[in-house]
Amino acid sequence: GNTACGEIGSGRFADTSFIVSEIQKTLHNKLNEKKGISDKSLQTPLDGIRNLITAGPTNEPIDPVRFITNRSSGKMGYSLAEAAIDAGAIVTLITGPVDIEPPMKCNTIPVETAKEMHEAVMHHVNKKDIYIGTAAVSDYRPARKNETKLKKDDKGSPLILELVENQDILKSVSELDERPFVVGFAAETNDLIKNAKTKFKNKGLDLIVANDVSDKSIGFDSDDNAVTLITKRRNLAIEKESKRKIAKKIIKLIEHGTQMQFNFKKSDHNLITLRKEFKQNLFELKNKSSIYQY
Ligand code: C5P
């Protein structure tokens, strides 16, 4: 990006949140060193795991100056990307237009429309171990994009836009023959758990993260969130806290699900085992209620 003084070249000051998180990590490691915890035991749990994440909204053009979109700051997806990177994962982040900086250590692919996001996901999903779809993908797009700006007719006539449905990216991923571990999000204004469960089933997911966007203090532009993680057998609630902390917990849960995976050689990735282990670990987690202790 550009430097503050307009000079060209490297030397741009890193994003404040990045500096803070690097300080936190360094302090954490120093503390562990003092406690005698060796570097080996600090090895990151998602080491070498390939993670594909979508974030932000998509913009669906009506004409050269107007578009329809969904509300989404991208904060949850970007926090998940950061948490996954911190856990050692190799992250590809496909993002719609947002106002925040992506984490430094990920391969970021900017897109505009749902169609572009779908194409980018299908292109990058091959050989990925985990797919997390946080993007607020527009369900519909205008059937036609006008080449020139639409004008009003000054008679007060209504403008009727024809919308056609976009492809469901999450579903496309979960229907792949060699699919990654698939995590979806459900932003709901009502019947949160019921609607999220329906999406979980219809989209063939391994995990869905439900959040209530009718509460203004969480979701959308807020730095905070409160979510319920839903799998085939369990619901686990995470109380209101920062999106960064919630992201760490979600990644932690995925780590739990993938623990056994790291006993295999990298070339032996076995996603069926990954999913089985994940479900088993969720079951144990619930019994120990340790999710609340992260
Ligand atoms: O929009 P909806 O509530 O169905 O979104 C639920 C999940 O599905 C989210 O994870 C979102 O990223 C994903 N989705 C998608 N493609 C769409 C619509 C939603 O991947 N066209």
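The values are calculated or read from the model by the stated rules, or taken from the named source; none is laboratory data. Because the structure is a prediction, the values reported are computed rather than measured. Don't worry about glycine lacking a Cβ; one is built from the backbone with ideal geometry, like all the others, and counts go over all protein chains shown. Just so you know, the surface numbers come from the protein's heavy atoms only, side chains and all, with ligands and any DNA or RNA stripped out. Shrake-Rupley method; radii C 1.70, N 1.55, O 1.52, S 1.80 Å.
Hey, with R₀ at 25 Å, roughly what FRET efficiency would Lys216 and Glu101 work out to, going by the Cβ-Cβ distance, to 0.05? Walk me through the intermediate numbers first.
Details: r = 25 Å, r/R0 = 0.99.
E(calc), rounded to 0.05, equals 0.50.
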query: Which value, in Å to one decimal place, does the Kirkwood hydrodynamic radius take for region 180-252 when every pair of different Cα atoms is included?
result: 12.3 Å
- request: DSSP loop (so not H, G, I, E, B), at most 12 other Cβ within 10 Å: list which GluC sites (Glu not before Pro) in region 125-172 pass both filters.
  value: Glu147, Glu162
field: Protection-proxy order for peptides 19-27, 150-158, 93-101, each taking the mean of Cβ atoms within 10 Å per residue, highest first
entry: 93-101, 19-27, 150-158
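Find out how many positive minus negative residues lie around Asn126, taking Lys and Arg as positive, Asp and Glu as negative, among other residues whose Cβ is under 12 Å from that of Asn126.
Numbers: positive: Arg50, Lys127, Lys128, Arg179; negative: Asp129, Asp177, Glu178.
Overall, the nearby charge balance is +1.
Based on the Cβ-Cβ distance from Arg71 to Leu176, what FRET efficiency comes out when R0 is 41 Å, to the nearest 0.05?
Details: r = 29 Å, r/R0 = 0.71.
The formula returns an efficiency of 0.90 here.
For region 44-156, give the percent of accessible area contributed by carbon and sulfur heavy atoms, probe 1.4 Å, rounded to a whole number. The partial results should precede the final answer.
Values: 2680 of 5470 Å².
C and S fraction of accessible area: 49 percent.
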field: Listed pairs Lys35/Lys105; Lys30/Lys75; Lys30/Lys249; Lys216/Lys243; Lys25/Lys240 exceeding 25 Å between Cα atoms
entry: Lys35/Lys105; Lys30/Lys75
message: Keeping every protein chain present and rolling a 1.4 Å probe, give me the accessible area per residue for region 72-198 in Å².
response: 55 Å²
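How long is the gain from Val164 to Thr198 if the chain were fully straight, where each residue apart is worth 0.36 nm and the alpha carbon distance is subtracted?
Numbers: separation 34, 0.36 × 34 = 12.24 nm, distance 2.24 nm.
Working it through step by step, the gained length comes to 10.0 nm.
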